Every structure is written in structure tokens, then in C-alpha cells.
Amino acid sequence: MQKNLADFGFEVTAVASTVEEALPALNAMDYDIVLLDIHLNGVNSGIELAKLLHTHYHKPFIFVTSSLNSHSLQEAITAKPSAYLIKPINPASLFVTIHSAINNFQQEQPAGATVENNYDSFFIKQGNKYKKIDWKDVICLISEKNYTRVFTSRDNSEYLIRSSLQKAMQYIIPASLRSRFAQVNRAEIVQLSYVEELAGDVLKAGNKTFYITEAYHKDLKKSLNIIS
């Protein structure tokens, strides 16, 4: 999980396996969200720590568990988690759940028992705040070394996320929305709804110009429903 978090650009500030190890870290470290096992080296010990996170630290947290039976679910609800993450954990679920938890916490929404990769927005950290980005506003994603630059139609803004373009396509763009995007070359992905013109190997979308390489030309034309 630490490796996946690092791949998505998150920094793990501390790891604890007991409540006794966790408390000093919660007091001393600067952090935005906590991933917390319900059974933290003891039956439901994570729930007690979670109650402190809610009432004392005022931080969003995600309950991590192998299952949610009716008894543990009722106990977990009292701690007011921002999301749940069910083991075994895959990278897509991890990324989606973190963003869902941040959104729930900011909107003061209760966590759902399950999280699916069908969200319509995501958050990008800017300083000590999180900026909400709607996927419908994303014109394109452009690779920049180990980062991906996201361009949006809202105020012609751009944002930088610490993720490769391929990881962004595989994990960050929701599965339900991937068909709306098409890769035009090794470094650029465009949202099809913003395409204005295709002339040879030049594509215009959202007042930007993209050059299509041969490897992506056929799939792009198919995605655009070009018949001839």
C-alpha cells in the first residue's frame, strides 16, 4: 500500500501497528488523511483510535478491513469514518477511496460501505487545501517526466499531479469515464468531447493543438466515430 500511495504522489508520514505507536505520530506529524485498520493489533482497537481522530484531531480517515459484518459495521459507523476500504486492496480502489473520503469529509457526508470507481470528480492538493476538479472540465492530460499536467476548461486552469500518464489512464481516470478519453501520442490524452477538428495528424481540442502519432491514429478515429 505504501508503494501504491507513493506512485500516486502521496507522502506517507508515519506507519504504526499499535495504538501506542499511532498516538505520538498523530500528535507530531503533519498529515491530511489516515488509513486505519479496524483491528489495529487488537479486536476493534482501530475503532477507538478512530473516535479520537473524529472528535479530537478532526481529520478524515478510512477504515481498512477484510470484511464488514453487521456487528463491526455498526461499531465502525459510530466512529464516523469518511470511507471504507475492503481488503485485498487494489491500486484503483485505493486511489478512488482516498478521494471519496476527502470529498465526504469536506461535504460532511457519511461514508458508504462500498466504493466504486465511478466518481465524477477528484481533488488536487494546492498548499494546505484540496481543489476539486470535475472530470467533465478536463480537456487533456499531458505527461511531464514523472508528473501529469491536467488542463481544464474552467478558467483555462492547469494542475500538476504526481503520476505518470499511464498510471493516470489506468487508475486515476474512472473506469466509467475512460471511453471519453483518447491517447493521441505517447505524452498526451484528450477528452473527446472537446475535439473540434481533425486534419491529417493534427487535432484541435479546447483551443489546443495536438499531433497524432501513427500508433494512435486508428484508435482515435474509431473513438471519434469517423466512418470514412
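If only residues of segment 153-171 that are charged (D, E, K, R) and in contact (Cβ under 8 Å) with a residue 40 or more places away in the chain are counted, the one that is most open to solvent (accessible area, probe 1.4 Å) is Arg162. For segment 129-147, a residue qualifies if it is of a type in the set (Asp, Glu) and assigned to a strand (DSSP E or B), and the qualifying residues are Asp134, Glu144.
His54 satisfies every condition listed in (1) open to solvent by less than 70 Å² (accessible area, probe 1.4 Å); (2) touching a Lys or Arg at 6+ places or on another chain (Cβ under 6 Å) except (1). Here segment 172-206 is the region considered, the condition is being open to solvent by less than 40 Å² (accessible area, probe 1.4 Å) and part of a helix (DSSP H, G or I), and the residue that is farthest from His99 (Cα to Cα) is Leu192. Evaluated against (1) at pLDDT 95 or above; (2) of a type in the set (Ser, Thr, Tyr); (3) touching a helix residue (DSSP H, G or I) at 6+ places or on another chain (Cβ under 7 Å), Tyr194 falls short on exactly one condition, (3). Among helices (runs of 4 or more DSSP H) entirely within segment 1-107, having at least 1 residues that are over 30 Å from Ser164 (Cα atoms) singles out 19-28, 45-52, 70-78.
Would you point out the residue of segment 124-139, among those that are closer than 17 Å to Gln191 by Cβ and not aromatic (Phe, Trp, Tyr), that is most open to solvent (accessible area, probe 1.4 Å)?
Of the residues in segment 124-139, the ones closer than 17 Å to Gln191 by Cβ are 124, 133-139.
Of the ones still in play, those that are also not aromatic (Phe, Trp, Tyr) are 124, 133-134, 136-139.
Details: Ile124: 9, Ile133: 9, Asp134: 39, Lys136: 118, Asp137: 20, Val138: 0, Ile139: 6 Å².
This residue is Lys136.
Residue under question is Arg186, and the condition is that it be basic (Lys, Arg), touching a helix residue (DSSP H, G or I) at 6+ places or on another chain (Cβ under 7 Å) and within 25 Å of Phe122 (Cβ to Cβ); does it hold? For Arg186, the condition - basic (Lys, Arg), touching a helix residue (DSSP H, G or I) at 6+ places or on another chain (Cβ under 7 Å) and within 25 Å of Phe122 (Cβ to Cβ) - is not met.
The values are calculated or read from the model by the stated rules, or taken from the named source; none is laboratory data. This is a predicted model, so every value here is computed, not measured. So basically every Cβ, Gly included, is an ideal-geometry build from the backbone, and we count neighbours across all protein chains shown. Just the protein is used for accessible areas: all its heavy atoms, side chains included, with ligands, DNA and RNA removed. Shrake-Rupley method; radii C 1.70, N 1.55, O 1.52, S 1.80 Å.
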